[in-house]
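S.K.: I'd like to ask you about the structure that follows.
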Amino acid sequence: MRTVDEHRRVVAGLITRRPPVILPLADTLGLVLADDVVAPLSLPGFDNSAMDGYAVVAEDVAAATSDRPVLLPVAEDIPAGRTDLLTLKPGTAHRIMTGAPVPAGATAVVPIEATDGATDTVAIRAGAKAGQHIRNAGEDVTAGTTVLRAGQVVTPAVLGLAAALGLGELKVVPRQRVLVMSTGSELVAPGTPLQPGQIYESNAVMLAAAVRDAGAHVVAAPMTGDDVATFRAALRDHTGDADLIITTGGVSAGAYEVVKDALGGEVDFVKVAMQPGMPQGAGSVNGTPIITLPGNPVSALVSFEVFIRAPLRTAMGLPNPDRPRRSAVLSEDLRSPGGKRQFRRGVLDREAGTVTSYGPPASHHLRWLASANCLLEIDEDVTEAVAGSPVHVWDLA
């Protein structure tokens, strides 16, 4: 059997980064910058007021107090967005709004709260120091400065900065486009009445969500029966739009294994020394990488976590591709099959640093995985783990 680490390397080698693309700002949230961003202009672009108030010459109001206000004629009214260039004459004031350009000659802004708010002759009731409440041009960003770095994730703040610099688009590493396919003639869509022997399809829904949670884009999530021609036709319909194909089911040793039957010459089907998730496959179809996962739901999702999530995120340049790994103290005795790496559902108490297995180890017990917050990783050479011993944990929160 192939080891977990060997199969992990095989899968990682199949998932490669797409060339950078230039996208509108609105389409880049959560993606990674492909290039540094150099500021084309300064921020602020001009001296502007940090307060609603009055632009003045600081020396004119230096002696102002609430008992002895300084009276100044209001020569101009400057709202934010006024574009003509103004000059303040000594001995006068300009009423000014937050963000409006400070007129030439003004050396301070007096907040409106320190005045009587008049529009003809204003009473200034507090002195001002030179530079008070003025945002100087370029004090945030100087034109020509590298303000964002390649490899940085586009966040709302990054988008705000890019927009403030007048940038309408960014060069980014695009999302991986993933086709998720589930197979099995027993599968029917939710909402359809079940016939004897049928079950509702859940793997495609689950894995499509896992793909999106990893930061990638789901091209489609169809399901097919156990007919080879139908399966191949579904592949042809979608593979041109996908960078990666993930299938579930049809990879075991029995009859009606549609994925194995359809892709035997293109995919290397192997047994991996792990539980759950032993039957696996990896290869390419018409040049598109394909990873074939087992059909039991717990096996499918655990396999995605172990083999696909990290290289998928790495191919998009996303930080922290691996789930956080830590050591925790086992709160019970556990048995594990020799020669296989076991991934048990667990509940991690992060404050206490302890972990308890959660539910049976069998691969069809999806209910327990839905409520677990970690996976316990028990090495191949461990058959018994006793309470109080340290174990490796994958934090899924």
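The values are calculated or read from the model by the stated rules, or taken from the named source; none is laboratory data. These figures come from a predicted structure and were not determined experimentally. Backbone-built Cβ (ideal geometry, glycine too); neighbour counts: all protein chains shown. Only protein heavy atoms, including side chains, enter the accessible area calculation; ligands, DNA and RNA are left aside. Shrake-Rupley method; radii C 1.70, N 1.55, O 1.52, S 1.80 Å.
S.K.: Just give me the residues in region 21-35 being over 17 Å from P319 (Cβ atoms) and surrounded by 18 or more Cβ atoms within 10 Å (Cβ to Cβ), in sequence order.
M.R.: none
S.K.: Do you know which residues across region 314-359 are in contact with a helix residue (DSSP H, G or I) (Cβ under 7 Å, 6 or more places away or on another chain) and not basic (K, R)?
M.R.: Within region 314-359, P321, D322, F343, Y358, G359 meet the criteria.
S.K.: Which is open to solvent by 50 Å² or more (accessible area, probe 1.4 Å), basic (K, R) and under 30 Å from L396 (Cα atoms), of R236, R212, R232?
M.R.: Exactly one residue qualifies, and that residue is R212.
S.K.: Checking the condition within 30 Å of V153 (Cβ to Cβ) and outside the structural domain of G281 (by the TED database), which residue from V38, V10, V56 passes?
M.R.: Being within 30 Å of V153 (Cβ to Cβ) and outside the structural domain of G281 (by the TED database) holds for just one of V38, V10, V56, which is V38.
S.K.: Go through region 363-385 and give me each residue that's surrounded by 14 or more Cβ atoms within 10 Å (Cβ to Cβ) and under 13 Å from A397 (Cβ atoms).
M.R.: A372, N373, C374, L375
S.K.: Let me confirm something: among P193, P174, which residue is in contact (Cβ under 8 Å) with a residue 40 or more places away in the chain and not charged (D, E, K, R)?
M.R.: Every option except P174 fails the conditions.
S.K.: On the given criteria, is A64 outside any strand (DSSP E or B) and open to solvent by less than 20 Å² (accessible area, probe 1.4 Å)?
M.R.: yes
The rows are residues; the columns are (1) assigned by the TED database to the domain that holds I199; (2) at pLDDT 95 or above; (3) not in a loop (DSSP other than H, G, I, E, B).
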site: P337; (1), (2), (3): no, no, no
site: R344; (1), (2), (3): no, yes, yes
site: L348; (1), (2), (3): no, yes, yes
site: A362; (1), (2), (3): no, no, no
site: L369; (1), (2), (3): no, no, yes
site: E377; (1), (2), (3): no, yes, yes
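S.K.: Being within 13 Å of V110 (Cα to Cα) and surrounded by fewer than 17 Cβ atoms within 10 Å (Cβ to Cβ) is the filter here; which residues of region 127-144 pass it?
M.R.: Answer for region 127-144, where residues must be within 13 Å of V110 (Cα to Cα) and surrounded by fewer than 17 Cβ atoms within 10 Å (Cβ to Cβ): K129, A130, G131.
S.K.: Between residues in region 251-270 that are within 12 Å of V285 (Cα to Cα) and residues that are open to solvent by 20 Å² or more (accessible area, probe 1.4 Å), which pairs lie under 6 Å by C-beta distance while being six or more apart or on different chains?
M.R.: Within 6 Å, the pairs are A262/V228; A262/R232.
S.K.: Same structure again: Restricted to region 336-362, and to residues that are open to solvent by less than 40 Å² (accessible area, probe 1.4 Å) and among the polar types (S, T, N, Q), which residue is nearest to N373 (Cα to Cα)?
M.R.: S357
S.K.: What do you reckon, is D395 open to solvent by less than 30 Å² (accessible area, probe 1.4 Å), within 30 Å of V172 (Cβ to Cβ) and not small (G, A, S)?
M.R.: Yes: the conditions hold for D395.
S.K.: Going by the conditions given, is R175 of a type in the set (D, E, K, R) and closer than 30 Å to T292 by Cα?
M.R.: When the stated conditions are applied, R175 passes them.
S.K.: Sticking with this one: Hey, could you check region 69-89 for residues that are among the hydrophobic types (A, V, I, L, M, F, W, C) and over 19 Å from G45 (Cβ atoms) and say which is surrounded by the fewest Cβ atoms within 10 Å (Cβ to Cβ)?
M.R.: Restricting to residues being among the hydrophobic types (A, V, I, L, M, F, W, C) and over 19 Å from G45 (Cβ atoms), the top hit is L71.
S.K.: Something else: Return the pairs, sorted by first residue and then second, in which the second residue is surrounded by 15 or more Cβ atoms within 10 Å (Cβ to Cβ), the first residue lies in region 22-34 and is at positive phi, the beta carbons are less than 9 Å apart, and the residues are 6+ apart or on different chains.
M.R.: So the pair list comes out as G30/V153; G30/V154; G30/R175; G30/G215; G30/L318.
S.K.: I've got another one for you. Need a quick list: helices (runs of 4 or more DSSP H) entirely within region 199-316 having at least 3 residues that are at pLDDT 95 or above.
M.R.: Qualifying helices (runs of 4 or more DSSP H): 203-213, 297-303, 309-315.
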